[in-house]
Amino acid sequence: MEVKSISSCINCENITSTFDCSKHNIEVDIDKVCSDHTFKKSLTKESNCSNCINFKTQNCANPTLAAEGMLCFSWA
């Protein structure tokens, strides 16, 4: 059996934590996709604040909550 990645709003860089598309300014479902989909690096079992590029920077969306072992929708 071959396992593949799919394109959906959940792995698009334009989705916000409230499931709104920042490009089209609409609320989306996680099982949808549009022709403007921009793939966002996927989360893995190892994803957490400590390996997020925004951890301990001004770009961190949750600086007061961010900690090793934690994870949020803004992980990059």
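Derivation of every value follows stated rules applied to the coordinates shown; laboratory data play no part. Every value quoted in this text rests on a predicted model; they were computed, and no experiment measured them. Using ideal geometry, Cβ is built from the backbone for each residue, glycine included, and neighbour counts are taken over all protein chains shown.
Charges at C-beta only: +1 for Lys and Arg, -1 for Asp and Glu. How large is the resulting dipole of the chain about its Cα centre, in Debye rounded to 20? If you can, show how the numbers build up before the last one.
Details: 7 positive and 9 negative charges, 44 e Å.
Roughly 220 debye for the chain.
Per residue of region 9-20, in order, report the coupling 6.51 cos²θ - 1.76 cosθ + 1.60 (Karplus, θ = phi - 60°) as ³J(HN,Hα) in whole Hz, putting x for Gly and Pro.
Residue by residue, region 9-20 yields 4, 5, 10, 9, 5, 8, 7, 9, 5, 9, 6, 9 Hz.
Quick check: residue separation of LYS32 and ILE6 times 0.36 nm, minus the Cα distance between them. What number comes out in nm?
8.3 nm
Once phi is turned into ³J(HN,Hα) by the Karplus curve 6.51 cos²θ - 1.76 cosθ + 1.60 with θ = phi - 60°, what whole-Hz value does each residue of region 44-55 show in order, with x for glycine and proline?
Per residue, the Karplus-derived 3J(HN,Hα) values read 10, 4, 8, 5, 6, 3, 5, 10, 8, 5, 8, 4 Hz.
Please count, across the chain, the pairs of lysine residues with Cα atoms under 22 Å apart that sit 8 or more places apart or on different chains.
Counting lysine pairs in the chain gives 12.
Out of ASN25, CYS9, LEU71, whose Cα points farthest toward the positive end of the dipole of the chain (charges: +1 Lys, Arg; -1 Asp, Glu; placed on Cβ)?
Checking the options against the dipole of the chain, the answer is LEU71.
Using modelled amide H (1.01 Å from N, peptide plane; none on Pro or chain starts), what sits under 5 Å from the amide H of CYS12, excluding residues fewer than 5 places away?
Under 5 Å from the amide H of CYS12 lie the amide H atoms of LYS40, each far enough along the sequence or on another chain.
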